[in-house]
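Peer 1: I have a structure I would like to understand better, so I am pasting it below and will then ask my questions one at a time.
None of the figures in this text is laboratory data; all of them are computed from the coordinates on show. This is a predicted model, so every value here is computed, not measured. Cβ placement follows ideal geometry from the backbone for every residue including glycine, while neighbour counts extend to all protein chains displayed.
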Amino acid sequence: MPLPPALFVALATGSVPPPDPTEQLVAHRRAQLQAHQALGLTALGGLALAGVAGGLLNAQRDAGAPLSATSGLEIAHRGLSLATGAVYVGAAGLAIFAPADPTPSAFAGLDSVQVHKGLALVHGAALVSTVALGLLAANSDPALRGYHRAAGFATFGLLAASAGILALDF
C-alpha cells in the first residue's frame, strides 16, 4: 500500500496538513447519528417499561384497588413516561440537527432511511397523542384509559418498526 502524499508533506515541512473538512463533517454526523440510535433504543425500552407499569396500574384499578394502593405504580408509570419523553426528544433533536450527508447517495428511490424518517413523523405524533390521552385520562376522564393504552401500543409498535427497518437494512 503506497504512503499518502500528506505524509511526505508532513515529513518534509515538519507540519501536519489540516484535516479534510468533509471527513470531519462525516465523523461528526456519524457520532451524532450513533447517539440518536442509542437514545432511540433507550426510548423504546423506556416506553416498554412505562407500558408494563401502566398495564399493572390499570389492572389494579380495574380490580377496584384503592388509589392509595396504586400510588407507587402511578409514580413509576409517570416517572418512566417522563424520562422516556425526555430521551425521545433528545433522540429526535440529534436526528433533526445532524449535518446533511455530504456524500451523494448511490441509491435512487425509496430507501430504509426515508422509511425511517416517515415512520418518525407518525410515531412522534402517536407519542404526543399518547401523552395527551394519558393526561386527560388521569385528570378528567378515566374512560379515556383504553384509548391511552391503544395509543401507547401503537407508539411502541411504530417506534419498534422505525428502529427495525434500519436494523434489517444495515
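Peer 1: Considering the dipole of the chain built from charges on the beta carbon (Lys and Arg +1, Asp and Glu -1) around the Cα centre, which of A59, A98, P21 is farthest to its positive end?
Peer 2: A59
Peer 1: Can you put I165, I75 in order of Cβ neighbours within 10 angstrom, beginning with the fewest?
Peer 2: In increasing order of surrounding Cβ atoms, one gets I75, I165.
Peer 1: Here is a follow-up. Between G45, G124, G72, which gets the highest mean-square fluctuation from a Gaussian network model of the chain, Cα cutoff 10 Å?
Peer 2: Of G45, G124, G72, the most mobile in the Gaussian network model is G72.
Peer 1: Identify the chymotrypsin sites (Phe, Trp or Tyr not before Pro) of segment 46-151 meeting these criteria: DSSP loop state and at most 14 other C-beta atoms within 10 Å of the C-beta.
Peer 2: Answer in residue order: F97, F107.
Peer 1: Please build a GNM for the chain, connecting alpha carbons under 10 Å apart, and tell me which residue among T70, T155, T42 fluctuates the most.
Peer 2: With Cα springs under 10 Å in the chain, the top fluctuation among T70, T155, T42 is at T70.
Peer 1: Pick out which of P19, P102, P66 has the largest mean-square fluctuation in a Gaussian network model of the chain, springs linking Cα atoms closer than 10 Å.
Peer 2: P19
Peer 1: Something else: Helix check for the chain. Which DSSP H runs span at least 27 Å along their own axis by Cα, with a mean Kyte-Doolittle hydropathy no less than 1.0?
Peer 2: Helices meeting the criterion: 67-96, 112-139.
Peer 1: May I pose another question? Compute the label zone of Q34 within segment 94-132: residues whose backbone N is under 19 Å from the point 7 Å along Cα-to-Cβ.
Peer 2: 94-103
Peer 1: For the chain, what is the calculated [θ] at 222 nm in deg cm²/dmol (nearest 500), taking -39500 (n - 2.57) for each run of four or more DSSP H residues and dividing by its residue count?
Peer 2: That calculation yields -28000 deg cm²/dmol at 222 nm.
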